[in-house]
Amino acid sequence: MAALSVHAQVKIGYTNVEFIMTYMPEAKQMESTLRTLEGKLKEQLRVKQIYAQDKLEEFSALAEQKKLTPADEEARKKELIRLDEEIKKFTEDAENNLLDKREEMLKPIVERLQKEIDGMAKEEGYTHILNNTNSGGVATILYGFPSDNLTEKLMKRLGVSVP
């Protein structure tokens with residue numbers, strides 16, 4: 001009898017957070033901004049790589065023609081190593097920059113979505129709202145009543161058009 005009364009108090013709904021975020025205007029804007037930033041970083045990297053390649057070709061040509069003193073050869077080798085390290089560092093920094101920017105821009109989007117989930121749970125008496133997704137490590141709903149799928153309701157609450 002006690003188990004029945006506890007069970008009766010549980011109300012579970014589910015949604016697909018990733019699906020909702022795909023259609024949120026601010027998530028679309030975030031993706032556009034990140035693509036633009038990524039394009040700029042790739043172009044900067046390309047310029048650095050072309051410069052390093054030109055320096056390598058110049059060094060190879062001069063070395064082949066035996067026009068370098070041992071000191072010049074050593075200095076040019078050091079410069080090529082420095083350029084290679086600079087490119088590697090730039091690549092790593094660019095990746096970290098993109099990840100940081102994504103996290104920074106994603107935070108208010110996730111907070112807005114969570115606020116709506118919390119509000120819906122309180123207003124409609126849900127004790128649990130699960131995320132129905134195929135992503136690894138996240139709850140996947142194998143079966144649920146269609147009436148417990150809150151995805152469309154959440155999208156409407158967020159002002160996102162339902163596809």
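The values are calculated or read from the model by the stated rules, or taken from the named source; none is laboratory data. Just so we're clear, the structure is a prediction, and the values are computed from it rather than from any experiment. For neighbour counting, all protein chains shown are included, and Cβ atoms are generated from backbone atoms with ideal geometry for every residue, glycine included. Note: areas computed on protein heavy atoms with side chains; ligands, DNA, RNA excluded. Shrake-Rupley method; radii C 1.70, N 1.55, O 1.52, S 1.80 Å.
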> Mind listing the phi-derived Karplus ³J(HN,Hα) values for segment 124-130, rounded to whole Hz, using 6.51, -1.76 and 1.60 with θ = phi - 60°, and x for any glycine or proline?
Replying inline: 9, x, 6, 8, 9, 10, 9
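Give me the percent of the accessible area of segment 1-113 that comes from carbon and sulfur atoms, probe 1.4 Å, all protein chains in place.
Taking all protein chains in place, segment 1-113 shows 57 percent carbon and sulfur surface.
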> Of LEU99, LEU68, LEU130, which is farthest on the positive side of the dipole of the chain, counting Cα position, with +1 on Lys and Arg Cβ, -1 on Asp and Glu Cβ, and the Cα centre as origin?
Replying inline: LEU130
> Summing -39500 (n - 2.57) over the DSSP H runs of n ≥ 4 in the chain and dividing by its residue number, what mean residue ellipticity at 222 nm do you reach, to the nearest 500 deg cm²/dmol?
Replying inline: -25000 deg cm²/dmol
> Per residue, how much accessible area does segment 18-163 have with a 1.4 Å probe, in Å²?
Replying inline: 70
> Under unit Cβ charges (Lys, Arg +1; Asp, Glu -1), what dipole magnitude, rounded to 20 debye, does segment 42-163 have relative to its Cα centre?
Replying inline: 200
> Just how much of ASP54 is accessible, in Å², when a 1.4 Å probe is used and the result is rounded to the nearest 10?
Replying inline: 90
>> Which residue, ALA121, PHE59, SER161, has the largest displacement toward the positive end of the dipole of segment 14-163 when charges sit on each Cβ (Lys, Arg +1; Asp, Glu -1)?
In response: SER161
